[in-house]
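Chemist: So that we are looking at the same thing, I have put the structure below in structure tokens.
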Amino acid sequence: QVQLVESGGDLVQAGGSLRLSCAASGRLVRLAVLGWYRQAPGNQRELVAHITGGGSTSYADSVKGRFTISRDNAKNMVFLQMNSLRPEDTAVYYCNYRWERDYWGQGTQVTVSS
């Protein structure tokens, strides 16, 4: 089993920045893919970014150039640095761990005011 705990969500003005953190614990595999997803009211959950065990990253087109995903394998953490935030970034952000199956955190709310 894997447990994920997100933090860092907040209310921020458009153009501002936030850094989300996710702490992983349990039976972890270094090669697991870690990712951030988000879900806005009335929308499906969507991929924001993910990072492989080797450090390769991938981003949704809507966040490219604004968001940066990183991981600290020694601390079993994954981060999402979000800059130039827009109102359309408002959502609950979920941490994801993928190895043989998906594990999810409880989510952290990000609200961007215009």
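The values are calculated or read from the model by the stated rules, or taken from the named source; none is laboratory data. The structure presented is a predicted model; accordingly, all values stated were derived computationally and were not measured. Backbone-built Cβ (ideal geometry, glycine too); neighbour counts: all protein chains shown. Ligands, DNA and RNA are stripped out before the accessible areas are found, and what is left, the full protein with its side chains, is counted by its heavy atoms. Shrake-Rupley method; radii C 1.70, N 1.55, O 1.52, S 1.80 Å.
Chemist: Among residues belonging to the range 29-57 that are surrounded by 14 or more Cβ atoms within 10 Å (Cβ to Cβ) and aliphatic (A, V, I, L, M), point out the one that is farthest from Tyr93 (Cα to Cα).
Modeler: Ala32
Chemist: Quick check on my filter: what residues within the range 4-47 are within 15 Å of Pro87 (Cα to Cα) and of a type in the set (Val, Ile, Thr)?
Modeler: Residue satisfying the conditions is Val12 alone.
Chemist: Here are the criteria: (1) free of Cβ contacts under 8 Å to residues at least 40 places away in the same chain; (2) surrounded by 13 or more Cβ atoms within 10 Å (Cβ to Cβ); (3) within 22 Å of Val2 (Cα to Cα); (4) small (Gly, Ala, Ser). Tell me which single one Ala60 does not satisfy.
Modeler: Failed condition: (3).
Chemist: If we scan the range 78-97, do we find a residue that is farther than 27 Å from Ser114 by Cα and open to solvent by 50 Å² or more (accessible area, probe 1.4 Å)?
Modeler: Checked the range 78-97: no residue is farther than 27 Å from Ser114 by Cα and open to solvent by 50 Å² or more (accessible area, probe 1.4 Å).
Chemist: Could you please give the count of residues in the range 98-109 that are closer than 16 Å to Gly53 by Cβ and open to solvent by less than 40 Å² (accessible area, probe 1.4 Å)?
Modeler: Summing the residues that are closer than 16 Å to Gly53 by Cβ and open to solvent by less than 40 Å² (accessible area, probe 1.4 Å) in the range 98-109 gives 1.
Chemist: So, one more: Of all residues in the range 67-76, which are open to solvent by 50 Å² or more (accessible area, probe 1.4 Å), assigned to a strand (DSSP E or B) and aliphatic (A, V, I, L, M)?
Modeler: Correct list: empty.
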